[in-house]
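One structure below.
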Amino acid sequence: MSASPIDRVAKATPPKLARKIRGLSDRTIAWIFVAPSIFLLLAVNIFPLIWTINLSFTNFKANRPGREIKYIGLRNYERILGDSDIWLTMQATAHFLFWTIALQVLIGFTLAWLINRKFKGNDLWTTIIVLPMMLSPAVVGNFWTFLYQPQIGLFNYVVSFFSGVDPSSFSMLGEVSLAPWAIVIVDTWMWTPFVMLICLAGLRSIPDYIYEAAAIDRASKWRQFWTITLPMVLPFLMLAVLFRGIENFKMFDLVVQLTGGGPGSTTELTSINLKREAFEKWRTGYASAYAIILFVTVFGLASIYVKALNKVKER
Amino acid sequence: MKTTRLLAATALTVATGFSATAVSAEELTLCWAAWDPANALVELSKDFEAKTGNTMKFEFVPWPNFADRMLNELNSGGKLCDLLIGDSQWIGGGAENGHYVKLNDFFEKEGISMDDFLPATVYAYSTWPKGTPNYYALPAMGDANGWFYRKDWFEKPEIQAAYKEATGQDLREPQTQEELLQIAQFFQGREIDGKKRYGAAIFTERGSEGITMGALGSLFTFGFKFENTPGKYDMEGAVNGPDSVKGLEFYKTLYKTATPPGYTDAYMEQSLDAFKSGQVALGMNWFAFFPGLYSDPDIGGDKIGFFPNPPQKVAGSMLGGQGISVVSYSDKKDAALEYIKWFAQPEIQAQWWKLGGYSCRKSVLLDPSFKDSQPFAADFLVAMGDVKDFWQEPAYAELLLAMQKRLHDYVVADKGTAQEALDKLVEDWTETFQDEGKL
């Protein structure tokens, strides 16, 4: 009878090492296995976080290596929280977050509901709808810049065709009132398919027999939707909102490509503002404090949201 | 005999080896922005390669990313560039943070005199602290912001008549900022050769330095100053005084009434595109692009004219251009210095101008034939006589981004008044200089 793999490993282990290992407790062996992961976590996540917190109390500038680093207490935090321009970027971010999520959930769920019905060409339509999500944000930003071009852009032409206004009379990316909506439209175009896919997974997870039972009880389609479909898809929908919320809170590439934060600072989201402070102005201490404030905000909001999500799942 | 031959061969090998070490060929990397003069420099550098045996590699970065990319490279102590043609505003940071090699001893040893170069370019591109004889770069590429226009449109009798009727004046190269505005407004929305045309392509870019470079051209001519007393950082009343406010209001009027639709985020490339595609009658851009524009088959030659930034209250042009520096983190500093020595020679500088670069050497610029050597050469000299630069402080990026924000907010996004924009700018700059310990 051939030896088992465990026997073979045991035999292959040098006697000296085997004696040593035999002397170790299960707890120690478990630590040996877990230690590399913990070390990496500490090195890559925890240490930078602690270092960032430390820097946030200083006047450090990464591009000025010779400059004396001074601890300035909470001054960076006071400056950020008292800066009206930063609150404007927060407002721009909130506008972007709210409308992208609202539109993506609404359109994504509708598309998923339509795609979930059995019809000819179902797979082809799913693939077509999902395409924007597969493109690079830089590419999307670039071609939407052309679509929004007042003189040659297709978007302006379509609006002009239906409304009769002169296409060159408005600039989606250049006007303060339109630019925030221009970035919402592009993000919604790009990421609605993602929400649709998650909703589709939720819709397909609902067993048919529940609808059959409801039909036997003579429940209308509308009632079936409100009492079966929506509650059972809700955890999926909430998950999609969480993912999109986190993603859009740190939105950078697409908006930089489209508007660069302009006109003025109208579409300057917090991530763009933070990048400018940290890597263009090189106010490292100030930017660290800014990052910590954003981290605490996102962490706090996400924790509350995850608790709500768990409650919905438990129902 | 055999032994003698063997010895001779060995001696030859050793000698060759030593001599190869003494003049060992290096591969030098020169970093600059990706634009027309960079191509001219590639061509010019072939002479250096032929004469020294060194080979040249070039790292050219598009303008919108140039500062970001290169300043990150310097701040991280990177060895990518042995030579850097860095923007004039970087000189303070380059010197104080130890990114650039100080060239005084080298200049003295090689007999390179800064008196041989135009004083304005030496001051702007080479010295830190400003105006002191501490050199961190050799003036490499003189440049200023200037204007070009559709000469063929200006010469059309029906357009001249329409302009005379509209303004009571003759259509000509603008002599003042006000006249420039008037001409640009005249062309705005006008149909020429069956197509709708617009006034002027100016700088409005938000992300890097565009709107600041464009607006400062107007601001300087209205009397804008950075400080009341040079070197004192006393900005109140200079940056936000009545003249500066007028200058900024003027730039906003130019933007609002005389630029093509959707022209909200435009810099060098967009200005060139708008002009080359026949959208606009006038264009603002750096002199560096003028050779390319003049040789353009569609809009160049007789169809194009050039003029320096017109004065208003005073004369003033926004300085562009760069000096060439040796990066202190380079392992090939000797070869890099050899390049600078070669580049500084009068005949190489003359060739540099011929190929499309803008020499700063007096032997080229003050040569009697210079003014007629290109249709924009005389304008270049006028512009270089009146140039002013942005802050060249080590904290220049912070100062620049603050101005970008305040100007774009006011000019493009219609936020507040010119006075408020400039007041806020003074606040931003005061905070920066306080952080720097200069106030």
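Taken together, the values in this text are just the output of simple stated rules run on the coordinates, not laboratory data. Since the model is a prediction, treat every value here as computed from it, not as a measurement. A quick note on method: Cβ atoms are made from the backbone with ideal geometry, for glycine too, and the neighbour counts reach across all protein chains shown.
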For this session: Give me A:Arg27, B:Arg190, B:Arg361 ranked fewest to most by other Cβ atoms within 10 Å of their Cβ, as a rough exposure proxy.
Result: A:Arg27, B:Arg190, B:Arg361
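Provide the FRET efficiency to the nearest 0.05 for the A:Trp31-B:Lys46 pair, computing r from the beta carbons and using R0 = 51 Å.
It comes to 0.20.
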Exercise. For helix B:346-355, what angle does its Cα long axis make with the longest principal axis of chain B, in degrees from 0 to 90 and rounded to 10?
Worked result: 50 degrees
For this session: Specify the angular offset, from 0 to 90 degrees and rounded to the nearest 10, of the alpha carbon long axis of helix B:242-258 from the longest principal axis of the alpha carbons in chain B.
Result: 80 degrees
For this session: Would you mind telling me which residue in A:Gly108, A:Gly82, A:Gly285 has the biggest mean-square fluctuation in a Gaussian network model of chain A, where springs connect alpha carbons within a distance under 10 angstrom?
Result: A:Gly82
Problem set entry | Distance violations [Cα-Cα > 19 Å] among B:Lys79/B:Lys333; B:Lys196/B:Lys415; B:Lys252/B:Lys424 | B:Lys196/B:Lys415
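Can you tell me the alpha carbon radius of gyration of region A:256-315 divided by the globular rule-of-thumb value 2.2 N^0.38 Å?
On the way: Rg = 16.1 Å, N = 60, 2.2 N^0.38 = 10.4 Å.
Here the answer is 1.55, to two decimals.
Show that you can apply the helix-only estimate: for chain A, add -39,500 (n - 2.57) for every DSSP H stretch of four or more residues, divide by all residues, and state [θ] at 222 nm to the nearest 500. Each step should come with its number before you reach the end.
Details: 16 runs with 220 residues, N = 315.
It lands at -22500 deg cm²/dmol.
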Problem set entry | chain B: angle of helix B:36-52 to the longest principal axis, Cα-based, in degrees nearest 10 | 20 degrees
Seminar exercise, completed: Computed curve, region A:5-55, Cα-only Debye sum without solvent term, log₁₀ I(q)/I(0) at 0.19, 0.26, 0.33 Å⁻¹, is -0.75, -0.97, -1.08
For this session: Take chain A, connect every pair of alpha-carbon atoms lying under 10 Å apart with a spring to form a Gaussian network, then pick out the residue of A:Ile246, A:Ile183, A:Ile46 with the largest mean-square fluctuation.
Result: A:Ile46
For this session: For region B:229-374, state what percent of all Cα-Cα pairs lands in each successive 5 Å bin, counting from 0 Å until the bin that includes the largest distance.
Result: 2, 7, 11, 14, 15, 14, 13, 12, 9, 3, 0
Exercise. Which residue, chosen from B:Ser76, B:Ala33, B:Phe66, occupies the Cα position most advanced towards the positive end of the dipole of region B:29-106, where the dipole is computed from +1 (Lys, Arg) and -1 (Asp, Glu) charges on Cβ about the Cα centre?
Worked result: B:Ser76
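Under DSSP H, which helices of chain A have Cα atoms covering 24 Å or more of the helix axis and a Kyte-Doolittle average no less than 1.0? Don't skip to the end; give the middle numbers.
Values: long enough: A:84-115 (45 Å, 1.32); A:179-204 (37 Å, 1.40); A:230-249 (27 Å, 1.54); A:284-314 (44 Å, 0.96).
Those that clear 24 Å and a mean of 1.0 are A:84-115, A:179-204, A:230-249.
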Problem set entry | Dimensions (Å) - the protein assembly as shown, Cα atoms, principal axes, largest first | 99, 97, 59
For this session: Excluding residues fewer than 8 places away in the same chain, name every one of the lysines whose C-alpha is closer than 16 Å to that of A:Lys20.
Result: A:Lys11
Seminar exercise, completed: Projected area averaged over all directions for the convex hull of the alpha carbon atoms of region A:127-248, nm², comes out at 10.4 nm²
Exercise. Given B:Thr55, B:Ser317, B:Pro375, which one lies farthest toward the positive end of the charge dipole of chain B, if we put +1 on the Cβ of every Lys and Arg and -1 on the Cβ of every Asp and Glu?
Worked result: B:Thr55
Problem set entry | Charge dipole (debye, nearest 20) of the protein assembly as shown; +1 at Cβ of Lys and Arg, -1 at Cβ of Asp and Glu | 3700 debye
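Taking neighbour Cβ counts within 10 Å as the exposure measure, how do A:Leu55, A:Leu230 sort from fewest upward?
Details: A:Leu55 21, A:Leu230 13.
Final ranking by Cβ density, sparse to dense: A:Leu230, A:Leu55.
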Exercise. For region B:285-439, what is the charge dipole size about the Cα centre, in debye to the nearest 20, if Lys and Arg each add +1 at the Cβ and Asp and Glu each add -1 at the Cβ?
Worked result: 480 debye
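Among A:Leu131, B:Leu74, what is the fewest-to-most ranking by other Cβ atoms within 10 Å? Spell out each step's value before the answer.
Working: A:Leu131 10, B:Leu74 25.
The fewest-first ordering by Cβ neighbours comes to A:Leu131, B:Leu74.
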For this session: Pull the list of the protein assembly as shown cysteines that no other Cys approaches to under 4.7 Å, Cβ to Cβ.
Result: A:Cys199, B:Cys360
Exercise. In the protein assembly as shown, with Lys and Arg counted as +1 and Asp and Glu as -1 at Cβ, which of these residues, A:Thr227, A:Ser303, B:Pro157, has the Cα nearest the positive end of the dipole, that is, farthest along it?
Worked result: A:Thr227
For this session: Compute log10 of I(q)/I(0) for chain B with the Debye formula, placing one identical point scatterer on every Cα and leaving out solvent, at q = 0.06, 0.09, 0.10, 0.11 Å⁻¹, to two decimals.
Result: -0.28, -0.60, -0.72, -0.86
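To one decimal place, what orientation-averaged projected area in nm² is obtained for the convex hull of the Cα set of chain A? Can you show the working numbers first?
Working: hull surface 119.6 nm².
Directional mean of the projected Cα hull area for chain A stands at 29.9 nm².
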Exercise. Picking from A:Ala240, A:Ala43, A:Ala94, which is most flexible by a Gaussian network model of chain A using Cα springs under 10 Å?
Worked result: A:Ala43
